[in-house]
Amino acid sequence: MGKIHKSEKDDEIEVECVSPARKVQTLFKISKNLNEFLPPENYLEILFEALKDLYHFDLLFLSDISDTPIVVVRSSEYSLSNQDLNSLLTKVLDPKWNSGKQFLYLTKKEASHKREFSKFGIKSLFAIKVSTILFPEYFFGFINFNNVFMPVKEDINFLHTLAHIINQSISYYELKSLFETSYDKLQVNVERIQRENEQRRELLKKVREQTKELQRRHIEMEEFVYTISHDLKAPIISIQGFVTALNEDFSKSLPKEAQYYLERIIKNTAQIESMIREVLEYSRIGRITQEKEKLDLKEIIDDIISPQIQKKNIKIGFKGKSLKIYAEKNRMLQLFGNLIGNSVKYMGDQPEPRIEVGTQKIDSKFATIFVKDNGIGIPEKFKDKVFNIFVRASNLENKDIEGTGIGLAHCKKIVETHGGQIWLESEEGKGTAIFLQLPLAI
Ligand SMILES: Nc1ncnc2c1ncn2[C@@H]1O[C@H](COP(=O)(O)OP(=O)(O)OP(=O)(O)O)[C@@H](O)[C@H]1O
Ligand SMILES: [Mg+2]
């Protein structure tokens, strides 16, 4: 039921009877139309269409106060700009409305809003709260410029139900938007992750291809080195045989100078032969392998410490507990033989020569083993280079210590073919420590 004052002046009251059946019908129509996840700005036309025959409002609004209200006016003769309406609503509507005050009904006679209403030519304002749980609170209402809209209890009940429908619809719409935004964000993230994975896969593929290519070139290089040294071996041995024969059979009949040249040829040929032998040996490491076995580290070291070393008066010993490694026995003898051999060879004139072999750190798979001495040490600028083939340090100059400069290169290759690493610490004049990792026997 809605009572409408057609004109305040003559107080003529026209009673309009709206049957409950029509109201239910209207609610049904509205809820059906609002049930499509529409954005709130589309509601007002629907509400206007459904309500225009029930109530004689002049302006219909839906507002969340913070924003510009959505307005529908019945006729263009009532002009109230959105800005004016917003400032009016901000003044009269309180977003903190609680459940005790669920609608607002004001007429021009209300003292507090008299000026405001006169300014805009408003006769009455009715607003009802459409509170949503998640988002700013909406208000839905009518403004009358010509008549005074006077809602009765049934109207208020009806409008409350309508507010409830609007509220639900807005909530659904907002939840749906929230869900869609989150879903879109998720989708973007999923796509980004997929893209990154794809890039990672590409990169991995490239790295694998390049590693393969490098391995192929490395094998090719080793084969080349092996072939060259192998082919050089026969002519060198032949030269060695001829110069030795020449020396034995004819050196006495040669002048002194020619004898000297012959000696130089013999010495240099021997050096070339030894270098070729070592290069061939270097290329065999990792290519020609023996069965790996469980080996006691201390036993290997004991096998290496020969009577010659013992005779040299060097204090040599194994520090700490022994452990079992899993490796090729002959390569281990070669490895520790080279390292202990170097320590003996490069001891210098140390009055208290000492060599120590031991284990320093053990993780679950590898043992870190060291060979330390207090010999002549390695000059700083040679520390990185001595693991390369044919490199000998500068502090050997003028010292008559024989060597090819390949022992440590052998050691590096042996350790690496067993899956470990090798490095050194050294100080010239104080001593050298070589560290290496070898796999532990389980
Ligand atoms: N324990 C050490 N103390 C001092 N210098 C060392 C030690 N071990 C290696 N070096 C230096 O590193 C160089 C390379 O060692 P490496 O064992 O490869 O060759 P080499 O001993 O000269 O000859 P060989 O091929 O006969 O072993 C040596 O010439 C020496 O200058
Ligand atoms: Mg050596």
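Out of LEU323, LEU297, one residue alone is touching a residue at least 24 places away in the same chain (Cβ under 8 Å) and under 17 Å from ILE422 (Cβ atoms). It is LEU297.
Among the residues of this structure, LYS399 counts as one that is out of contact with any helix residue (DSSP H, G or I) (no Cβ under 8 Å at 6 or more places or on another chain), without any contact (Cβ under 8 Å) to a residue 12 or more places away in the chain and within 13 Å of GLY375 (Cβ to Cβ). The condition (being more than 22 Å from TYR282 (Cα to Cα) and modelled with pLDDT of 95 or more) is satisfied by just one residue among ILE378, ILE434: ILE378. Which residues, taken from the range 402-442, are touching a helix residue (DSSP H, G or I) at 6+ places or on another chain (Cβ under 9 Å), in a helix (DSSP H, G or I) and near ligand 1 (Cβ under 10 Å from one of its atoms)? If the condition is that a residue be touching a helix residue (DSSP H, G or I) at 6+ places or on another chain (Cβ under 9 Å), in a helix (DSSP H, G or I) and near ligand 1 (Cβ under 10 Å from one of its atoms), then GLY407, LEU408, ALA409, HIS410, CYS411 are the ones that fit.
Residues that are outside any helix (DSSP H, G or I) and either under 15 Å from ASN338 (Cβ atoms) or more than 7 Å from ligand 1 (Cβ to nearest atom) (or both) within the range 392-401 comprise ARG392, GLU397, ASN398, LYS399, ASP400, ILE401, listed in sequence order. Only one of the numbered conditions (1) exposed (fewer than 15 other Cβ atoms within 10 Å of the Cβ); (2) within 16 Å of ligand 2 (Cβ to nearest atom) is not met by TYR346, and that is (1). Is it true that some residue in the range 228-238 is more than 30 Å from LEU51 (Cβ to Cβ) and of a type in the set (D, E, K, R)? Yes; the residues of the range 228-238 include at least one that is more than 30 Å from LEU51 (Cβ to Cβ) and of a type in the set (D, E, K, R).
Residues in the range 333-352 include none that are over 13 Å from ILE369 (Cα atoms), away from ligand 1 (no atom under 11 Å from the Cβ) and of a type in the set (Lys, Arg). Here PHE139, PHE145, PHE149, PHE117 are screened, and the one residue that is crowded, with 18+ Cβ neighbours inside 10 Å, free of Cβ contacts under 8 Å to residues at least 12 places away in the same chain and not polar (S, T, N, Q) is PHE117. When ILE378, ILE369, ILE389, ILE355 are screened for being touching a residue at least 40 places away in the same chain (Cβ under 8 Å), within 7 Å of ligand 1 (Cβ to nearest atom), buried (at least 16 other Cβ atoms within 10 Å of the Cβ) and not polar (S, T, N, Q), only ILE378 passes. Among the residues here, GLY317 does not qualify as within 11 Å of ligand 1 (Cβ to nearest atom) and free of Cβ contacts under 8 Å to residues at least 60 places away in the same chain. Filtering the range 392-420 to residues that are surrounded by fewer than 19 Cβ atoms within 10 Å (Cβ to Cβ) and more than 10 Å from ligand 2 (Cβ to nearest atom) leaves SER394, ASN395, LEU396, GLU397, ASN398, LYS399, ASP400, GLU416, THR417, GLY419. Checked against (1) in contact with a strand residue (DSSP E or B) (Cβ under 6 Å, 6 or more places away or on another chain); (2) within 16 Å of LEU436 (Cα to Cα); (3) more than 12 Å from ligand 1 (Cβ to nearest atom); (4) of a type outside the set (Lys, Arg), ILE362 passes all but condition (1). Residues in the range 260-315 that are more than 17 Å from ASN338 (Cβ to Cβ), surrounded by 15 or more Cβ atoms within 10 Å (Cβ to Cβ) and among the polar types (S, T, N, Q): THR269 alone.
The values are calculated or read from the model by the stated rules, or taken from the named source; none is laboratory data. Note that the structure is predicted; figures quoted are calculated from it, not measured. Positions of Cβ are backbone-derived with ideal geometry, glycine not excepted, and every protein chain shown enters the neighbour counts.
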